[in-house]
Amino acid sequence: MSWFDSHCHPEVENLETELSFAQECNVMGLIAVGTTPEKSEGVLDYVRALRSRDTDVSAFASVGVHPHDAFSSGQSGVEFLESLLMKDEQGLIVGVGECGLDYFYEHSPRDAQLEVFRAQIELARRFNKTLVIHTRDAWEDTFEVLDSVQLPERTIFHCFVGTEKEARAANDYGIYMSFSGIVTFKNSDALRQAALIAKRELILIETDAPYLSPVPLRGKPNQFANVSITGEYLSDHLEIAKEDFQKLVWENTTRAFAL
C-alpha cells in the first residue's frame, strides 16, 4: 500500500523534484487544491502534467475560493469554478473547495465569506463533487450553515483542528476529518485526543503543502511526500499498524472523493 495526500497546493515548476521524493516516500496519491479561480486553473495544469509524467500516481484536483479571497472573488469567482466543472471532460475535478469560514484572519468580511461558502456548497451538490471545507475559529457558524443547506453526499473538514466536541459532531454528520502535520506539533494534545474520537472510516491525512510541515521539518517548506511522516505518526498514535493505516487512509480517501 501507499500513502495518499488528501490536500496539497503544488505548483508545476516543482513537479519533478517533488514527484521523485514522493516516490521514495511511497506517496502515490494526491488531491491538488485551488484557493482562487486562477490557482484552481493552476492545479488542473499540475494534475495534467503529473499524470503525463507518471501514470501510476493517483492525482486529482479540487477547485475553490478560499474564505480569504471571498470578497475579492465574489460570485464571479464561483461562476468561474462552475465553468471549470462544466469543461472538465477528463474528470480531473473531484472536489469543490477549499471553501468555508476563517474568523481568525478575516481577510474577507464575514458576510462575504458566508455568501461564497454557501454558493460553493450548492456548486458541489449540483455537480456531485466532494465539498472541501476550511474552518478556523468559526465552528459555530460553520455548523449553522451546514444545518441550513442540503449537503453534498461527501464532505471533508480539511486540516481538521477541532477538539473532541467537533470530532463527535463530524462523526454525527458523517464528515471526513483530514489531519495535517499539526497533529505532530508539541502543543496539539487536544487535536490528538480528537483523532482518537474520530471514526476510523472518516480519517484522512494531508500535508496542506507548502504549509504546515510536520515535526521534525516544522518551519521548512512542505511537500506532498511528507504526508508519509504524518501518516506514520498518526498510525502510532492510533495504535494501528503502518500498513493497515496506509490501507485505511487510501480507501477512505478514495471513498471521500468518489475516485
Original post:
What about Tyr211, is it part of a loop (DSSP other than H, G, I, E, B), modelled with pLDDT of 95 or more, among the aromatic types (Phe, Trp, Tyr) and surrounded by fewer than 23 Cβ atoms within 10 Å (Cβ to Cβ)?
Top reply: yes
Original post:
Conditions: (1) surrounded by fewer than 22 Cβ atoms within 10 Å (Cβ to Cβ); (2) in contact with a strand residue (DSSP E or B) (Cβ under 7 Å, 6 or more places away or on another chain). Phe4 meets all but one. Number of the miss?
Top reply: (1)
**OP:** Give me the pairs, please: first residue somewhere in segment 50-69 and under 22 Å from Leu123 (Cα atoms), second residue anywhere and among the small types (Gly, Ala, Ser) and not in a loop (DSSP other than H, G, I, E, B), beta-carbon distance under 6 Å, and either six or more positions apart or on two chains.
**Re:** Ala61/Ala32; Ser62/Gly95; Ser62/Gly97; Val63/Ser40; Gly64/Gly97; Val65/Ser73; Val65/Gly77; Pro67/Gly100
Subject >> Residues located in segment 183-194, provided they are under 17 Å from Ile229 (Cα atoms) and crowded, with 20+ Cβ neighbours inside 10 Å >> reply: Val183, Thr184, Leu191
Original post:
Within segment 103-173, which helices (runs of 4 or more DSSP H) (wholly inside it) include 1 or more residues that are under 25 Å from Phe185 (Cβ atoms)?
Top reply: 139-148, 164-173
Original post:
Tell me, which residue of segment 239-259 that is touching a helix residue (DSSP H, G or I) at 6+ places or on another chain (Cβ under 9 Å) and surrounded by 18 or more Cβ atoms within 10 Å (Cβ to Cβ) is farthest from Ala61 (Cα to Cα)?
Top reply: Phe245
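The values are calculated or read from the model by the stated rules, or taken from the named source; none is laboratory data. Remember, predicted model here, so these are calculated numbers, not experimental data. Heads up, the Cβs are rebuilt from the backbone with ideal geometry, glycines too, and the neighbour counts pull from every protein chain shown.
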